[in-house]
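Asks: My structure is below; once you've seen it, I'll send some questions.
The values are calculated or read from the model by the stated rules, or taken from the named source; none is laboratory data. Bear in mind that the values here come from a model prediction, so they are computed numbers and not experimental data. Here the Cβ is made from the backbone with ideal geometry for all residues, glycine too, and neighbour counts use every protein chain on show.
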Amino acid sequence: MIKIVQMFGDSKTKIKDSERSLISETVSIEGTINSSGAIDVAGLIKGPVFVKELIIRDTGSITGSIEADNVEIHGHLDGKVAAQNIVIGATGTVKGDVEFGQNLKTDNGADIDGYIKKTSSSKSKITSDFLFKKKDKKDDTQSEDRADIVNKEVTA
């Protein structure tokens, strides 16, 4: 785990990997995003996002699906969102289906173009094990049958 000294405030405070991350207005990312912490998106993301907590700020935009525990949308989402708790702010726009497990809040002015469904599962699917679990080694019977196949895993 990498520890970074906080730039402002108490210099003895360490930022943990489960703290909030920011994708600023000047950043554009294409690909899958995985985080066991929280992410604020003020820039652009193209691809699926799997995160514990997500806030799409007014200037933020995601084109792709979202799976999270808690989601706030004040910017633009073009894709499906599935979370336990979802807030769609007055400036939020969702073009895709909305699935929530516990709570859904929409402010006056929120724009949703898709189906809304309450799921029966109240247990979170997003855990650090789910996001970052390393693949188990194959047992000997699988290795003998499929010796010609090599699995490659890419991490960021």
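Here's the yes/no breakdown for (1) within 17 Å of residue 45 (Cα to Cα); (2) in a loop (DSSP other than H, G, I, E, B); (3) aromatic (Phe, Trp, Tyr):
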position: 59; (1), (2), (3): yes, yes, no
position: 69; (1), (2), (3): no, no, no
position: 72; (1), (2), (3): yes, no, no
position: 84; (1), (2), (3): no, no, no
position: 91; (1), (2), (3): no, yes, no
position: 99; (1), (2), (3): no, no, no
position: 104; (1), (2), (3): no, no, no
position: 117; (1), (2), (3): no, no, no
position: 120; (1), (2), (3): no, yes, no
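Asks: Follow-up question, since we're still on this one. Kindly indicate whether any position in the range 5-22 is modelled with pLDDT of 90 or more and on the phi < 0 side of the Ramachandran plot.
Replies: yes
Asks: Which residues, counting only those in the range 81-99, are under 14 Å from residue 54 (Cα atoms) and either buried (at least 23 other Cβ atoms within 10 Å of the Cβ) or not aliphatic (A, V, I, L, M) (or both)?
Replies: 81, 83, 84, 85, 86, 88, 89, 92
Asks: Right, something else. Can you tell which of 119, 93 is more than 19 Å from residue 20 (Cβ to Cβ) and modelled with pLDDT of 95 or more?
Replies: Going through 119, 93 in turn, the sole match is 93.
Asks: Separate question: Among the numbered criteria (1) modelled with pLDDT under 95; (2) buried (at least 18 other Cβ atoms within 10 Å of the Cβ), which single criterion is violated by residue 124?
Replies: (2)
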